[in-house]
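J.: Provided herewith is a single structure, encoded as structure tokens, for subsequent inquiry.
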Amino acid sequence: MTLQRTTGAARSARSARTLLQAGSVALPVLALAHGAPTVAAFGPLRNRFMPRLSGQGRPDHVALTFDDGPDHLSTPHFLRLLEARGLRATFFLLGSMAVRSPWLVREMAAAGHEVALHGWAHRPLLLRGPRSTYEDLARARDTVGGLTGTAPRLFRPPYGVLTSGTQLACHRLGLTPVLWTAWGEDWRRRATPESVHDTVMADLRGGGTVLLHDSDCTSAVGSWRNTLLALPRILDACQGRGWQVGPLREHGTRGPAGREG
């Protein structure tokens, strides 16, 4: 009887070790699979090998996009500037901001701007599981779509970080992820109107997508003012190079072989 108990205990111990060993292999593999799409956050690699995700379009056009709004203190200034220029842009909205200024979301849509999603809360999706990611995106989509009457079709993940769970959620919700080819680093405390302009134009080419911010809700306080002051110079530079400026819906997209899609 003692021998049987000893043998059974040994088998249980071996089984436990086997499960632990399997877990030690499975967990890193699952983590790698979850975070594998984050490679897209590396701009040069993304721009070269993932043109559609980067937002590369027809060479005579530049897509102008803004993140983190709507903000009742700052966004109206951008809307007025764009209206004066006769231009439209794509605004990637946070659901948590949209519910604070629903009238502003409707005003954007009524003015002809493209309304897209930036999620509900500005949190790295790498720290979220598939279910939490889906719930975040679905909540934002339903909120913004309810305000505009049209379900958004584009999504930009916070910090530009994608996960396998994000891709699955986008597929289920009918969303297309879009990142950028040039940004202004306008969220930084040390940013100036000159630095925002220079940083954008250093990387911008025809067919590119520009990322700026119309809100400082996740940036240095007051940083949106640098963006607002830099924007006319950026638009003038695009015009001087013969590039039209508009929202992503007018941009066209390039597939892996450079084909329009």
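The values are calculated or read from the model by the stated rules, or taken from the named source; none is laboratory data. No experiment lies behind these values; they were computed from the predicted model shown. Positions of Cβ are backbone-derived with ideal geometry, glycine not excepted, and every protein chain shown enters the neighbour counts.
J.: Of all residues in region 137-147, how many are within 14 Å of the chain's Cα centre (by Cα) and surrounded by fewer than 22 Cβ atoms within 10 Å (Cβ to Cβ)?
T.: Count: 0.
J.: Are there any pairs with C-beta distances below 8 angstrom linking a residue in region 100-126 that is basic (K, R) to a residue that is loosely packed, with under 15 Cβ neighbours inside 10 Å and modelled with pLDDT of 95 or more, with the two at least 6 apart or on different chains, and if so which?
T.: Listed pairs, sorted by first residue: R100/H72.
J.: Show me the strands (runs of 3 or more DSSP E) entirely contained within region 40-145 in which 1 or more residues are of a type in the set (S, T, Y).
T.: So the answer is 61-69, 90-93.
J.: Quick one: is R172 surrounded by fewer than 16 Cβ atoms within 10 Å (Cβ to Cβ), at pLDDT 95 or above and in a loop (DSSP other than H, G, I, E, B)?
T.: Details: surrounded by fewer than 16 Cβ atoms within 10 Å (Cβ to Cβ): yes; at pLDDT 95 or above: yes; in a loop (DSSP other than H, G, I, E, B): no.
No: the conditions fail for R172.
J.: Condition check: assigned to a loop (DSSP other than H, G, I, E, B) and crowded, with 20+ Cβ neighbours inside 10 Å. Does L162 satisfy that?
T.: The answer is yes for L162.
J.: Take R85 and decide whether it is of a type in the set (D, E, K, R), more than 18 Å from V144 (Cβ to Cβ) and touching a residue at least 40 places away in the same chain (Cβ under 8 Å).
T.: It is true that R85 is of a type in the set (D, E, K, R), more than 18 Å from V144 (Cβ to Cβ) and touching a residue at least 40 places away in the same chain (Cβ under 8 Å).
J.: Among (1) part of a strand (DSSP E or B); (2) over 30 Å from G129 (Cβ atoms), there is one condition L211 misses while meeting the rest; what is its number?
T.: All conditions pass for L211, except number (2).
J.: Which of the numbered conditions does G252 fail, given that it passes all the others? Conditions: (1) over 17 Å from M50 (Cα atoms); (2) in contact (Cβ under 8 Å) with a residue 60 or more places away in the chain; (3) touching an Asp or Glu at 6+ places or on another chain (Cβ under 6 Å); (4) surrounded by fewer than 22 Cβ atoms within 10 Å (Cβ to Cβ).
T.: The number of the failed condition is (1).
J.: Please go through region 84-96 and pick out each residue that is within 21 Å of A63 (Cβ to Cβ) and surrounded by 20 or more Cβ atoms within 10 Å (Cβ to Cβ).
T.: A89, T90, F91, F92, L93, L94
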